[in-house]
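The values are calculated or read from the model by the stated rules, or taken from the named source; none is laboratory data. This structure is a prediction, so every number in the text was calculated from the model and none was measured. Neighbour counts run over all protein chains shown; Cβ positions are idealised from the backbone, glycine included. With ligands, DNA and RNA removed, areas are computed over all heavy atoms of the protein, side chains included. Shrake-Rupley method; radii C 1.70, N 1.55, O 1.52, S 1.80 Å.
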Amino acid sequence: MNLRSLDLNLLLVFESLLRTRSTTVTAEELNLTQSAVSNALKRLRLAFGDPLFVKTPQGMWPTDLALTLAPPVTEGLGLIRGAVEAPQDFVPANAQRTFRLYLSDIGQLIFMPKLMATLAVEAPGVRIVTVDTTPREAQNAMAMGDIDLTLGLFTRFSSGFHQQRLFREHYVALVRDGHPTIRGQLTVEAFLSAAHAVYRPTAGHHDVFETAVEHWFAQAGRQRHVALRMAHSMGLSALIAASDLVVCVPTRLGRALKAAADLRTYALPFEGPEFDISQLWHERFHTDAGHRWLRSTIFRLFHGED
């Protein structure tokens, strides 16, 4: 199709339908009548030769073509908005705004207490919503404006995203205080012989570390005894405190869990991988005043934190 033949206002309807899945909500959001939205959708379908949105019990569901068009259209509209809309000042003390963050259950435990304590003092009207999804879905949601920021280890994000390093992280072993075979220090033999617990955070790439552990066991010619595999880290401190299992966790998570139970952390008896914990955001939010304030606050609270 020829771009000159397309009314670019139709793309605003397209973008809204992607987010809302509802012609009713789109009409309210764009201050249009429902018949105007229906007419716009009809024109979009004719222009692209595709239904674009199909009515289902879950709402107006995008077709494959609509999903393909989604990232460039939403990114392009975001850039246009940034160019034509006058920037607004963001006053934290008076702001009433909700930010949606994508992070793992571990990240929630590490970041949220300090961040929320700061917001209570500096920006009491700012609200935080944490989101549980997959990294791929998070990218699409960020491009469409449904997620503001991600915090953690994310290595597979595509172009159009900005990344800022917060701190360097590594792993330690976590066991109960009074463990029968691990005292004073964690020896190679004690680690090889122990029963292990393995967990999978709700987001991020913890599997990179677990792959390194499995490789180290293979090099030692030993079979790792994994007694428990967990879908997430919820209840991890109580589980380790009530057993003789060993679990490998990031250092900051180890500190947080030790504060809740009689646990001890030990340096690993092998060279484990280190990785950067960062915050990432989409280009569409790069110049937003409120977003810049949130990013700078997170950077101030966590950058270089020991």
Q.
Against the definition (of a type in the set (D, E, K, R), over 21 Å from TYR102 (Cα atoms), part of a loop (DSSP other than H, G, I, E, B) and not assigned by the TED database to the domain that holds PHE157), how does ARG222 come out, yes or no?
A. yes
Q: Please find, within region 238-270, the residue that is farthest from LYS114 (Cα to Cα) out of those that are in a loop (DSSP other than H, G, I, E, B) and open to solvent by 40 Å² or more (accessible area, probe 1.4 Å).
A: ASP244
Q. Just one of the numbered conditions (1) small (Gly, Ala, Ser); (2) within 30 Å of SER243 (Cα to Cα); (3) within 19 Å of the chain's Cα centre (by Cα) is not true of ALA173; which one?
A. (3)
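Conditions (1) in a helix (DSSP H, G or I); (2) touching a strand residue (DSSP E or B) at 6+ places or on another chain (Cβ under 6 Å); (3) at pLDDT below 95; (4) surrounded by fewer than 17 Cβ atoms within 10 Å (Cβ to Cβ), marked per residue:
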| residue | (1), (2), (3), (4) |
| --- | --- |
| ALA86 | no, no, yes, yes |
| THR98 | no, yes, yes, yes |
| ALA117 | yes, no, no, yes |
| THR130 | no, yes, yes, no |
(Q) Any residue in region 120-148 that is more than 17 Å from LEU69 (Cβ to Cβ) and polar (S, T, N, Q) sitting within a Cβ distance under 9 Å of a residue that is open to solvent by 60 Å² or more (accessible area, probe 1.4 Å) and at pLDDT 90 or above? List the pairs, counting only those 6 or more apart or interchain. (A) THR130/ARG100
Q.
Which count do you get for residues in region 211-225 that are open to solvent by less than 40 Å² (accessible area, probe 1.4 Å) and not small (Gly, Ala, Ser)?
A. 3
**Q.** When residues of region 49-75 are limited to those that are touching a residue at least 40 places away in the same chain (Cβ under 8 Å), among the hydrophobic types (A, V, I, L, M, F, W, C) and surrounded by 17 or more Cβ atoms within 10 Å (Cβ to Cβ), the one farthest from LEU8 (Cα to Cα)
**A.** MET60
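Please work out which residue is farthest from PHE270 (Cα to Cα), limiting yourself to region 209-257 and to residues that are free of Cβ contacts under 8 Å to residues at least 12 places away in the same chain and of a type outside the set (Gly, Ala, Ser). Don't jump to the end; show me each part of the working.
First, the residues of region 209-257 that are free of Cβ contacts under 8 Å to residues at least 12 places away in the same chain: 211, 214-215, 218-219, 221, 223, 235, 255.
Pick out the ones that are also of a type outside the set (Gly, Ala, Ser) and you get 211, 214-215, 219, 223, 255.
Values: THR211: 14, GLU214: 12, HIS215: 11, GLN219: 11, GLN223: 16, ARG255: 20 Å.
Selected residue: ARG255.
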